[in-house]
Amino acid sequence: MKAILILLVGWIGDLIIGDPSWLPHPIVWFGKLIAAFERWLNRGRFRKLKGALTAIVLIAAVFAAFYYLMDWLYSINVFLGMAVGAICVFYCLAGTTLIREVCEVFRAVDRSLEEGRTQVARIVGRDTSSLNEQEVRTAALETLAENLSDGVIAPLFWYMLLGVPGMMAYKMVNTLDSMIGYRTERYREFGWCAAHIDDVANYLPARITALLMLLVTWRFSLLSFTTWFGREQDSPNSGYPEAALAGILNCRFGGPHHYFGEWFDKPYIGTNERPLTTDDMRRAVGINRRVEVVMVVLVVIIRYFTHIHL
């Protein structure tokens, strides 16, 4: 029951307040740690090996640190351990913040294209300086779908299996990938292992996300569409939730983009190149929320009946 209460308190906290910018965030500390290792080791010979060691050591260190921290806190006071665990869950879930950011992108681009480009740059890694209004809205909805998996479903999945230590270790995996897991000249060798670990960690969550999106909209007829376009993407995972949303909205995602100054010729997802509207955004947000609720219920049920220790 402790794990279920921790999950529910942390999740409700995210629903209510999201991630206020004034709160110190452990993911920021993860990022600073990764950046320090990257500056120190991403040079000279054996970059692949040094990048692999960086990723493995940081992930293992986070898991071990939170495993022993939670164990120590429980030995002092069970309620203290539960409180810290709930705070960790709160920090690991990004559902509310993601939705707020995407809604703000649509409001900003309705005011002006420049505002839209500036706002969407907060949540995507691509170059936004030359995007048109349609591309700004598309980028926001792609991010909404992809990060439903990375920012909500995957953390819940790893909490289900490995508790707070697993959830925090997953956030380190995800942060590593978001910082160094690119195929650019700078990161191609150093970040290859981090990118592959992220692929493995998100393999099941991405597909679960896509299936839940179809479930909450009663659109299982799109299963073959989602599977086909998901497989066609360079990423083994992000294409699945993006394809599910593209199918549900009957629109087109993907296509070539600039990332960190380099051109990537990404395939399209879907075939209907229609204008995206605020109604599409509202519909997508509703799907995200319903998927999140269903996943929380599933985790609660599985944790209750399996009695996983972590």
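The values are calculated or read from the model by the stated rules, or taken from the named source; none is laboratory data. Worth saying up front: this structure is predicted, and the values here are computed from it rather than measured. Cβ sites come from the backbone with ideal geometry, for glycine too, and all protein chains shown count toward neighbours. Just the protein is used for accessible areas: all its heavy atoms, side chains included, with ligands, DNA and RNA removed. Shrake-Rupley method; radii C 1.70, N 1.55, O 1.52, S 1.80 Å.
Summary table below
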quantity: Selected residue (only one of F220, F190, F229 is over 20 Å from the mean Cα position of the chain (by Cα) and touching a residue at least 40 places away in the same chain (Cβ under 8 Å)); calculated: F190
quantity: N288, sole failed condition from (1) modelled with pLDDT of 95 or more; (2) loosely packed, with under 15 Cβ neighbours inside 10 Å; (3) not hydrophobic (A, V, I, L, M, F, W, C); calculated: (2)
quantity: Extreme residue, farthest from N272 (Cα to Cα), among residues of region 131-151 that are of a type in the set (S, T, Y) and in contact (Cβ under 8 Å) with a residue 60 or more places away in the chain; calculated: S149
quantity: Single match in Y268, Y259, Y304 (criterion: closer than 26 Å to P236 by Cα, modelled with pLDDT under 95 and more than 19 Å from the chain's Cα centre (by Cα)); calculated: Y268
quantity: Top-ranked residue of region 1-49 - restricted to ones that are within 24 Å of L98 (Cα to Cα) and outside any helix (DSSP H, G or I), ranked as least open to solvent (accessible area, probe 1.4 Å); calculated: G18
quantity: Options A210, A206, A169: the member that is in contact with a Phe, Trp or Tyr (Cβ under 8 Å, 6 or more places away or on another chain), closer than 19 Å to N250 by Cβ and of a type outside the set (V, I, T); calculated: A210
quantity: Residues (assigned to a helix (DSSP H, G or I), open to solvent by less than 10 Å² (accessible area, probe 1.4 Å) and touching an Asp or Glu at 6+ places or on another chain (Cβ under 9 Å)) located in region 56-98; calculated: G81, V89, C92, G95, T96
quantity: In region 102-130, the residues that are open to solvent by less than 40 Å² (accessible area, probe 1.4 Å), part of a helix (DSSP H, G or I) and touching a residue at least 24 places away in the same chain (Cβ under 8 Å); calculated: V102, C103, V105, F106, V109
quantity: Exclusive hit being over 20 Å from the mean Cα position of the chain (by Cα) and closer than 28 Å to Y268 by Cβ, set L73, L80, L69, L113; calculated: L113
